[in-house]
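J.: Can you keep this structure in mind? I'll have questions shortly.
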Amino acid sequence: MNTQLKELSKVWPEIRPVFSVPHNKNDYNKLVDLLDSLIDEVGDNENHPLSSLMETIGSLIETYESRHVYEPDGNPVAVLNALMKEHGLKQSDLLEIGSQGVVSEILSGKRQMNLRQIKILSERFKVSPAVFI
């Protein structure tokens with residue numbers, strides 16, 4: 001075994017959770033939290049010592065998402081319906097965006113979501129606000 005592999009084998013047990021493709025939602029969420037922290041630290045500084053780590057974590061997350069995360073494209077109503085189905089939610093479970101009547105009007109296309117509702121939904125489902133626009 002070459003010297004580099006010997007060194008890696010010593011530290012691998014400690015760094016494996018960070019440098020492995022996540023295979024479940026819990027591992028995925030841990031990597032997303034780590035990436036958020038890295039983004040806060042590194043920002044747009046390509047010369048930051050952790051910028052390549054940020055890129056690597058992003059690639060691992062992207063691999064998981066391509067295999068496990070359904071990203072509905074289309075209209076905001078279809079996105080909300082898909083997310084509700086994925087999370088086992090009913091209209092009455094979304095009271096933070098309005099009454100059941102308001103939610104019903106949004107889901108039937110009679111009412112558009114406002115910025116407050118979009119922000120709440122994007123935070124709740126941990127998706128970009130752009131999917132609701």
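J.: Quick check: is even one residue across segment 48-64 over 30 Å from SER9 (Cα atoms), in a loop (DSSP other than H, G, I, E, B) and either in contact with a Leu (Cβ under 9 Å, 6 or more places away or on another chain) or not assigned by TED's automatic domain parsing to the domain that holds SER9 (or both)?
T.: Checked segment 48-64: no residue is over 30 Å from SER9 (Cα atoms), in a loop (DSSP other than H, G, I, E, B) and either in contact with a Leu (Cβ under 9 Å, 6 or more places away or on another chain) or not assigned by TED's automatic domain parsing to the domain that holds SER9 (or both).
J.: Just to be sure before I move on: is MET113 on the phi < 0 side of the Ramachandran plot, in a loop (DSSP other than H, G, I, E, B), crowded, with 17+ Cβ neighbours inside 10 Å and aliphatic (A, V, I, L, M) in the structure I sent? Explain how you work it out, then say what you get.
T.: Numbers: on the phi < 0 side of the Ramachandran plot: yes; in a loop (DSSP other than H, G, I, E, B): yes; crowded, with 17+ Cβ neighbours inside 10 Å: yes; aliphatic (A, V, I, L, M): yes.
Spelling it out, MET113 is indeed on the phi < 0 side of the Ramachandran plot, in a loop (DSSP other than H, G, I, E, B), crowded, with 17+ Cβ neighbours inside 10 Å and aliphatic (A, V, I, L, M).
J.: Condition first: surrounded by 10 or more Cβ atoms within 10 Å (Cβ to Cβ), among the hydrophobic types (A, V, I, L, M, F, W, C) and part of a loop (DSSP other than H, G, I, E, B). Now tell me which residues in segment 1-42 satisfy that.
T.: The one that is surrounded by 10 or more Cβ atoms within 10 Å (Cβ to Cβ), among the hydrophobic types (A, V, I, L, M, F, W, C) and part of a loop (DSSP other than H, G, I, E, B): VAL21.
J.: Oh, and also: Does ASN81 satisfy being over 25 Å from PRO22 (Cα atoms), assigned by TED's automatic domain parsing to the domain that holds ASN26 and touching a helix residue (DSSP H, G or I) at 6+ places or on another chain (Cβ under 9 Å)?
T.: Numbers: over 25 Å from PRO22 (Cα atoms): yes; assigned by TED's automatic domain parsing to the domain that holds ASN26: no; touching a helix residue (DSSP H, G or I) at 6+ places or on another chain (Cβ under 9 Å): yes.
Here the answer is no, as ASN81 does not meet what is asked.
J.: Which ones in segment 1-33 are within 30 Å of GLU86 (Cα to Cα) and polar (S, T, N, Q)?
T.: Keep residues of segment 1-33 that are within 30 Å of GLU86 (Cα to Cα), which gives 16-33.
Within segment 1-33, SER20, ASN24, ASN26, ASN29 meet the criteria.
J.: Now for a separate question. Would you confirm, using the coordinates I've provided, whether GLU105 is farther than 30 Å from HIS23 by Cβ and in a helix (DSSP H, G or I)?
T.: Numbers: farther than 30 Å from HIS23 by Cβ: yes; in a helix (DSSP H, G or I): yes.
Judged against the criteria, GLU105 is a match.
The values are calculated or read from the model by the stated rules, or taken from the named source; none is laboratory data. Every value quoted in this text rests on a predicted model; they were computed, and no experiment measured them. Neighbour counts are summed over all protein chains in view; Cβ atoms, including those assigned to glycine, are modelled from backbone coordinates with ideal geometry.
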